[in-house]
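Okay, structure first, notes after.
All of the numbers you see were taken from the coordinates with simple rules; none came from a lab. Because the structure is predicted, anything quoted here is derived from the model rather than measured. Cβ placement follows ideal geometry from the backbone for every residue including glycine, while neighbour counts extend to all protein chains displayed.
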Amino acid sequence: MDARFLGIAELVEAPSVAVVVDVMRAFTVAAWAFAQGAEKIVLAGSLDEALALKARHPEWVAIKDGPLAPGFDTVNSPGLLRSLDLGGRTVVHKTTAGTVGALAVKDASLVLCASFVVAEATARLLRTRACGAVTFVVTGEDGRADEDLACAQYIARRATGSATDPSDFLRRAGDSRAAAELAEGVRQGVHPDDVELCLELDRFPFAMIATSENSLMVLRPYAPTGPAAA
C-alpha cells in the first residue's frame, strides 16, 4: 500500500482513498457517539451551519469544540459523551480540525474517519478493499499533530497486515501537545478521562465511513468483514 501523510492545507486534489485522523478528539467522540446508539453523524462545515441544522431538526444532537454554547447540546469530549443515550439519534458535529479534514476530501471515492479507538477496524477495511494508494489526513496542528500522525502511521502498517507493536505509537500520542493541553485544562470542554479514552486502542469493532447524502457529509459506522490480520 502506498501511504501518504498530509495536512489539510497540503491537499491539492481529491485522493482516491482518504483516512482522516483526529485522535484528540473529534473521531474518538464520533466513535463514542455510535457506541452510545447514534444512527449517523452530520459533519458541519461551520458553527452557523451546525446551528442551522439544529434549528431545522430540533431532535438532532449538536456538538462543538470548546465550551458549551447556546444552541448546542454538548461538547467534543468522549468523557462527557459516554454518559449520553443517543439511541437512534442524528448528531451534528463541528470541530476545528477533524470535521474540516473530512470535508476537505469529500470528493474522494472512499473517506474513512479514524482514531485509535477504531484503528484495527479501519485497517481491516483498507485491507479487505485492497486499497493501493491511501492518503492519511493528519488534521491537527496544520498536519504536525503527533497524536494524529502516530495513529495514521499505525493504521497504515496494520493495513498491510504487518504485526505491529502499538506501544510506541500510543506513547507518542500520550506525549503530544494535544494530550498535554487536555490534561492541563488548557482546552475547554474537557473531561478528566478524555486523554485516556482517546488512547484506548481498538475499543470499538467498527470503522467510520463518510459519504455525501443530500448535500451533507454524513458519517456512519461500518463493521468490516474478512479475515483479521496477524
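Once the mean 1/r over all distinct Cα pairs of the range 121-213 is inverted, what Kirkwood radius in angstroms do you read off? About 14.6 Å for the range 121-213. Could you work out the Rg to Rh ratio of the range 81-164, with Rh taken as the Kirkwood radius (inverse of the mean 1/r over all Cα pairs)? A ratio of 0.99. Positive-end ranking of L11, T96, T225 along the dipole of the chain, with charges on Cβ about the Cα centre, is headed by T225.
Applying a 10 Å radius around every beta-carbon, put 11-17, 21-27, 50-56 in order of their mean neighbour count, most first.
In descending order of packing, they fall as 21-27, 50-56, 11-17.
Which residue, A108, A178, A31, has the largest displacement toward the positive end of the dipole of the chain when charges sit on each Cβ (Lys, Arg +1; Asp, Glu -1)? So the residue furthest toward the plus end is A108.
Count Lys and Arg as plus one, Asp and Glu as minus one, and take only other residues whose Cβ is under 14 Å from that of L47; the net charge is then -1.
For the pair K106 and L68 in one chain, pulling the backbone fully straight at 0.36 nm per residue adds 10.9 nm over the alpha carbon distance. Taking every full run of DSSP H in the chain, the ones that stretch at least 15 Å from end to end by Cα along their long axis and average -1.0 or higher on the Kyte-Doolittle scale are 146-159. Normalised by 2.2 N^0.38 Å, with N the number of residues, the alpha-carbon radius of gyration of the range 121-174 equals 1.14. About its Cα centre, the dipole of the chain is roughly 560 debye, where the only charges are +1 on Lys and Arg Cβ and -1 on Asp and Glu Cβ.
For the chain, the equivalent ellipsoid built from the Cα gyration tensor has semi-axes of 25, 20, 17 Å, listed from largest to smallest. Beta bridges from DSSP with both residues in the chain: antiparallel share about 30 percent, rounded to the nearest 5. Residues of the range 18-59 with an amide N closer than 16 Å to a point placed 7 Å from the Cα of R220 along the Cα-to-Cβ direction: 34-35, 37-43.
A simple charge model with +1 on the Cβ of Lys and Arg, -1 on the Cβ of Asp and Glu and nothing else charged puts the dipole of the range 44-148 at about 380 debye relative to its Cα centre.
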